[in-house]
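Below you'll find the structure, written out as structure tokens, and then a few comments.
The values are calculated or read from the model by the stated rules, or taken from the named source; none is laboratory data. Since the model is a prediction, treat every value here as computed from it, not as a measurement. Using ideal geometry, Cβ is built from the backbone for each residue, glycine included, and neighbour counts are taken over all protein chains shown. These accessible areas exclude ligands, DNA and RNA; they are computed on the full protein's heavy atoms, side chains included. Shrake-Rupley method; radii C 1.70, N 1.55, O 1.52, S 1.80 Å.
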Amino acid sequence: MTDNIAFVRHDTLPPAPPPPSETGAIKWVRENLFSNVLNSVLTLLALYFIYRIAVGFLPWMLNGIWDAPSLQACREILNGESAGCFAVLTERWNQLLFGFKYPTDQYWRPSLAFILLFASVAPVLFSKLPRKMLILTAAYPFIGFWLIWGGTIVAPVLIALGFVFGYVVFTRFEKNSFAAGLISAIIAALVFWYIAGFVSEALSGVLALEPVPSRDMGGFMLNIILGTVCVSLSLPIGILLALGRQSRMPIIKGICVVFIEFIRGVPLITLLFVANVVLAYFLPPGTTFDLILRVIIMITMFSSAYIAEVIRGGLAALPKGQYEAADSLGLDYAQSMRLIILPQALKISIPGIVNVAVGLFKDTTLVSVISMFDLVGMIRGPILASTEWNGVYWELFGAASFLFFIVCYGISQYSQWLERQLATDHR
Amino acid sequence: MTQATNMQVSDEIAINIQGMNKWYGQFHVLRDINLTVQRGERIVIAGPSGSGKSTLIRCINALEEHQQGSIEVDGTVLSSDIKNIDKIRSEVGMCFQHFNLFPHLTILENCTLAPIWVRKTPKKEAEEIAMHFLEKVKIPEQADKYPGQLSGGQQQRVAIARSLCMKPRIMLFDEPTSALDPEMIKEVLDTMIELAHDGMTMLCVTHEMGFARQVANRVIFMDQGQIVEQNEPEEFFNNPQSERTKLFLSQILGH
Ligand SMILES: Nc1ncnc2c1ncn2[C@@H]1O[C@H](COP(=O)(O)OP(=O)(O)OP(=O)(O)O)[C@@H](O)[C@H]1O
Ligand SMILES: [Mg+2]
């Protein structure tokens, strides 16, 4: 025996599959649902609850009426049976989507804008798509504006050209200093737009769509407009605020801190009231300052302050070594932020940013309190107030919740996918 | 195996530090540092923890700013002008204790980033240069992996290659091997020795005394923010002058 203690293995054993009791659905059920008495009882209770909900809800859902001119008619068809009256959705579908003032024969315009939105956001969301599609992304704000608000195409084209002109001027003067470039670019663009104002007035008939004023926008379209515009504006502004808050220059840092802390300390709804009423007092008399634009500014300010704080968390989570490595390679501030720091900080911040974005999108329904007719505003106002549909709550608010849920769940799924894509550090 | 013949030292001055002082708030970290480094010189800086070794070499590429005295790198005097600092940084490579690779970029991208953005090298050419140096540190096959997939020793060699891709004239090392397992220390030291043989001007903070003996032509001993002693490695180890050096050596050589 003793001379067998020394042992050397010469060949490696091949891996063997686990025994059947360790795999398969039965094992999963036993381990997760019936592992002990308490768990078994809870499982049975849960099954009973699911059963009761299904029994109550499914008939209501499945026997629902989809075709009726009014709640009255719907009740008659149902004849005392309890079921949903979804006819309100089919009958008022267009109002729910576009509001009740948008010209009916122009619905194709926001619909087309909505489809184009996907095409132009796609290259930003999925880096595998051809980079040429970014041209569409850059052009989209102007196309979308033209489609939804109408008017001559000259105006959005000139606005876009103003940006291009400003950029050209910027590259000219940037060599002197960044500030000189920025200031001269802003002045150049403003002058350009001032002149362009006359041009577009003179050419107001060129490729003109029927103009639709802002107060006629409504329905889910309004939520989507506010949501996309505010999210896409507040992300870059939030990044700048977060970087500004880290700045060594006391003035910049101070401005950013005061802005962030002030905005975070104020409820969004008060900001919206300010946008609705108070802002008008500060403007020179006679200027009309579009209500949607005012609301966009307020919501953007609000969410950019939150996004700034989220990103600040991401920046703080990066080890100091990353800044030092970037510095020691001779990258300047802009390069090290853009190439090293922000890609990592933003990646860390994705869950927080998505949180803010989803919250922002849902908060766009708050505009209904300043008498704008977004999806919720439409339901609470024109639809529920109408004689035909007075009293249909579950179906309408259920549908509204469902629409919002689809969008928000989509955003959240995308962000989880993105996080997996970006998981390169394997730590 | 002492000094190799191709490790020439020219009389051109690479780094010239005169009367340099640095404070962290009230704390006087570096006191009256005077140090001249010839081109091609390989200097090892040793000293107890907290003696200011890291701070000293980080002042050379302005990762830390000094409050008094002058630092001249490659003929350029360090000032607070940001252009001037970026210029010096692009001439001086640095390797850190914890590698500080960019985890979101592949090994190749880590190496090509600075040449492309700072030197404005075309991407193709930058990739060729990067592959050249990755071959030199003997890990070209890892080029498409991410830093997190590499061992510590491999990461440190990538970090060295990343610095070399900027074709620096001076290399700074801050304890490049002290976060590594013994097995990996050798592969990094071999890379550094090879670099020394190529005539690179090097300043290394390290406790690898074998390395110091083999490649350094000067060992600097620091304590409490001062340069206490400097000498050729043989003299330094066999015949230390100051008491503090003796004490330090007896501790680190483990007797
Ligand atoms: N940012 C800082 N603020 C205040 N004190 C600091 C800072 N960085 C370093 N110090 C102090 O300066 C002194 C020198 O630090 P340094 O990192 O240069 O030491 P070191 O010689 O590199 O030590 P080690 O061998 O542990 O790396 C230490 O006493 C340290 O506590
Ligand atoms: Mg140190």
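A few comments on the model shown:
- Answer residue from the range B:130-153, given it is without any contact (Cβ under 8 Å) to a residue 24 or more places away in the chain and more than 13 Å from chain A (Cβ to nearest Cβ) and is surrounded by the fewest Cβ atoms within 10 Å (Cβ to Cβ) among those: B:GLU141
- Condition met for B:THR245 (outside any loop (DSSP other than H, G, I, E, B), away from chain A (no Cβ under 14 Å), touching an Asp or Glu at 6+ places or on another chain (Cβ under 7 Å) and away from ligand 2 (no atom under 16 Å from the Cβ)): yes
- B:VAL44 vs. criteria in contact with a Phe, Trp or Tyr (Cβ under 8 Å, 6 or more places away or on another chain) and more than 12 Å from ligand 1 (Cβ to nearest atom): yes
- Residue that is nearest to ligand 2 (Cβ to nearest atom), among those in the range B:49-67 that are in contact with an Asp or Glu (Cβ under 6 Å, 6 or more places away or on another chain) and outside any helix (DSSP H, G or I): B:SER51
- Test: residue in the range B:178-185 that is acidic (Asp, Glu) and under 24 Å from B:GLU127 (Cβ atoms): no
- Count - residues of the range A:173-189 that are modelled with pLDDT of 85 or more and loosely packed, with under 12 Cβ neighbours inside 10 Å: 0
- The requirement of being surrounded by 18 or more Cβ atoms within 10 Å (Cβ to Cβ), at pLDDT 90 or above and farther than 26 Å from B:VAL188 by Cα is not satisfied by B:ILE57.
- A Cβ distance below 9 Å, combined with a sequence gap of six or more or placement on separate chains, defines the contacts here; from the range A:402-426, residues that are within 20 Å of A:SER232 (Cβ to Cβ) reach residues that are in a helix (DSSP H, G or I) and among the hydroxyl-bearing types (Ser, Thr, Tyr) in the pairs A:PHE404/A:THR365.
- Filter result for the condition that a residue is surrounded by 16 or more Cβ atoms within 10 Å (Cβ to Cβ), of a type in the set (Gly, Ala, Ser) and closer than 21 Å to A:LEU331 by Cα, over B:ALA62, B:ALA46: B:ALA62
- Per the listing A:SER111, A:SER120, A:SER127, the residue uniquely over 30 Å from A:ILE379 (Cα atoms) and at pLDDT 90 or above is A:SER120.
- Scanning the range A:333-350 finds no residues that are more than 14 Å from chain B (Cβ to nearest Cβ) and touching a helix residue (DSSP H, G or I) at 6+ places or on another chain (Cβ under 6 Å).
- A:VAL258 being open to solvent by 50 Å² or more (accessible area, probe 1.4 Å), in a helix (DSSP H, G or I) and modelled with pLDDT of 95 or more: yes
- The lone exception for A:GLU76 - which of (1) within 35 Å of the chain's Cα centre (by Cα); (2) farther than 27 Å from A:LEU222 by Cβ it fails: (1)
- Among the residues making up the range B:146-201, those that are of a type in the set (Asp, Glu) and away from ligand 2 (no atom under 16 Å from the Cβ) are B:ASP181, B:GLU183, B:GLU187, B:ASP190, B:GLU194, B:ASP198.
- Residue in the range B:177-196 that is farthest from ligand 1 (Cβ to nearest atom), counting only those that are closer than 23 Å to B:GLU135 by Cα and open to solvent by 50 Å² or more (accessible area, probe 1.4 Å): B:GLU194
- In summary, B:ILE116 fulfils each of the numbered conditions (1) in contact with a helix residue (DSSP H, G or I) (Cβ under 6 Å, 6 or more places away or on another chain); (2) open to solvent by 40 Å² or more (accessible area, probe 1.4 Å); (3) within 16 Å of ligand 1 (Cβ to nearest atom) with the single exception of condition (3).
- Taking the conditions (1) without any contact (Cβ under 8 Å) to a residue 60 or more places away in the chain; (2) more than 24 Å from A:LEU360 (Cβ to Cβ); (3) not hydroxyl-bearing (Ser, Thr, Tyr) in turn, A:GLY150 satisfies each one other than (1).
- None of B:ILE88, B:ILE60, B:ILE71 is more than 12 Å from ligand 1 (Cβ to nearest atom) and within 30 Å of B:LEU253 (Cα to Cα) except B:ILE60.
- Residue in the range A:317-324 that is buried (at least 21 other Cβ atoms within 10 Å of the Cβ) and either in a helix (DSSP H, G or I) or at the interface with chain B (Cβ under 10 Å from one of its Cβ atoms) (or both) present: no
- Candidate set from the range A:351-374 (those that are in a loop (DSSP other than H, G, I, E, B) and buried (at least 22 other Cβ atoms within 10 Å of the Cβ)); member that is nearest to the other protein chains (Cβ to nearest Cβ): A:MET372
- Test: residue in the range A:197-209 that is surrounded by 15 or more Cβ atoms within 10 Å (Cβ to Cβ), within 16 Å of A:PRO156 (Cα to Cα) and in contact with a Gly (Cβ under 8 Å, 6 or more places away or on another chain): yes
- Where strands (runs of 3 or more DSSP E) fall entirely within the range B:148-239, those with at least 3 residues that are among the hydrophobic types (A, V, I, L, M, F, W, C) are at B:170-174, B:201-205, B:218-223.
- Only a single item in (1) within 8 Å of chain A (Cβ to nearest Cβ); (2) outside any helix (DSSP H, G or I) is not met by B:SER70, and it is number (1).
- Condition met for B:GLN226 (at negative phi, in contact (Cβ under 8 Å) with a residue 60 or more places away in the chain and away from chain A (no Cβ under 14 Å)): yes
- Residue match in the range B:86-101 (condition: open to solvent by less than 30 Å² (accessible area, probe 1.4 Å), more than 9 Å from every other protein chain (Cβ to nearest Cβ) and assigned to a helix (DSSP H, G or I)): no
- Residues located in the range B:197-215, provided they are modelled with pLDDT under 90 and under 26 Å from B:GLU64 (Cα atoms): B:HIS207, B:GLU208
- Each residue in the range B:119-129 was checked for being open to solvent by less than 40 Å² (accessible area, probe 1.4 Å) and either over 24 Å from B:THR201 (Cα atoms) or at the interface with another protein chain (Cβ under 9 Å from one of its Cβ atoms) (or both), and 0 pass.
- Condition met for B:MET209 (within 14 Å of ligand 2 (Cβ to nearest atom), under 17 Å from B:LEU253 (Cα atoms) and aliphatic (A, V, I, L, M)): no
- Residue in the range A:290-305 that is open to solvent by 50 Å² or more (accessible area, probe 1.4 Å), of a type in the set (Ser, Thr, Tyr) and either more than 10 Å from every other protein chain (Cβ to nearest Cβ) or farther than 22 Å from A:SER415 by Cα (or both) present: no
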